[in-house]
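The values are calculated or read from the model by the stated rules, or taken from the named source; none is laboratory data. Because the structure is predicted, anything quoted here is derived from the model rather than measured. Here Cβ is always computed from backbone atoms with ideal geometry, including for glycine, and neighbour counts include all displayed protein chains. Side chains are part of the model used for accessible areas, which takes the heavy atoms of the whole protein and leaves out ligands, DNA and RNA. Shrake-Rupley method; radii C 1.70, N 1.55, O 1.52, S 1.80 Å.
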Amino acid sequence: MALAASWPFRRISSVDYCCEEGVAHDREEVLDRIARTTATNRECFARADDLAIRDRLMPVLQGRVPDDYVRSLDAIGGLILPGTVVGIGSMCRRPIHGPEGLIAVVERLTRILPIGVKAHLFGVKGDALPYLTPFARWIASIDSQGWGVGVRQHALRHRIAKTDALGADFMERWYRTQCARTLETPRHLPEAAASAPPPPTADPWERAIAQARAEIRALIESGDLLGPVL
């Protein structure tokens, strides 16, 4: 936050805990990471307020299924200033289609984002852009490390240095390609069916553990507990 306050950046984002399957292996861990994202949003906002840069801080939502993002938004709704941008995390390894796909998440959020609030989508692949065009008025920006992956692979393949000039060349080409994709005919997907929640466990010990984790998550989200999650 001190670095963010040291220069007039237009937008800075809160810390968040990604929920991709490779990181969060089960449902409990997804919920744990959503709780910690809520807590770090609150902490970042408190520090931004002290440093007089709150108007530039972008909160970040996290989750796996669309309902998770609703939960995440509800938890930090009071932090989102009118007319600002909210970040949507864990997009980079997400499919476009399906009940947990990029479009299912974006479609759900466009129904509940506060009036005047737009989204920044982290890690969107270029082939998703024609499917996002119908939601353009809700999207402020996207980012991607696609160009960075490309330049690293190119440098390794040709056994050359990954210089700033080479990186700038790949970034420019990536940017022009994405701009061209935004001009393609918009593509529409049928509304995805919601994923069914997992059935509750019949084991009383497992139920007790799940209840304890839920109570710890509530403490983390409220800021009363910031230590490790079970």
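Quick grid of which residues meet (1) touching a residue at least 12 places away in the same chain (Cβ under 8 Å); (2) under 14 Å from GLU221 (Cβ atoms); (3) part of a helix (DSSP H, G or I); (4) of a type in the set (Lys, Arg):
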| site | (1), (2), (3), (4) |
| --- | --- |
| GLU43 | yes, yes, yes, no |
| ALA46 | no, no, yes, no |
| ASP55 | yes, no, yes, no |
| GLY77 | yes, yes, yes, no |
| GLY87 | yes, no, no, no |
| MET91 | yes, no, no, no |
| VAL106 | yes, no, yes, no |
Checked PRO190, PRO114 against criteria (assigned to a loop (DSSP other than H, G, I, E, B), closer than 20 Å to SER13 by Cβ and within 24 Å of the chain's Cα centre (by Cα)); the one match is PRO114
Note on the stretch 139-151: residues more than 17 Å from the chain's Cα centre (by Cα) and either surrounded by 15 or more Cβ atoms within 10 Å (Cβ to Cβ) or hydrophobic (A, V, I, L, M, F, W, C) (or both) are TRP147, VAL149, GLY150, VAL151
Condition set assigned to a loop (DSSP other than H, G, I, E, B) and open to solvent by less than 20 Å² (accessible area, probe 1.4 Å), scope the stretch 117-138, selection nearest to LEU73 (Cα to Cα): answer is VAL117
* Does ARG108 satisfy the condition of being within 15 Å of the chain's Cα centre (by Cα) and open to solvent by 60 Å² or more (accessible area, probe 1.4 Å)? -> yes
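Go through TYR17, TYR69 for me and flag whichever is under 17 Å from GLY223 (Cα atoms) and under 17 Å from the mean Cα position of the chain (by Cα). Step through it out loud before you land on a result.
Working: TYR69 fails: under 17 Å from GLY223 (Cα atoms).
Only one candidate qualifies: TYR17.
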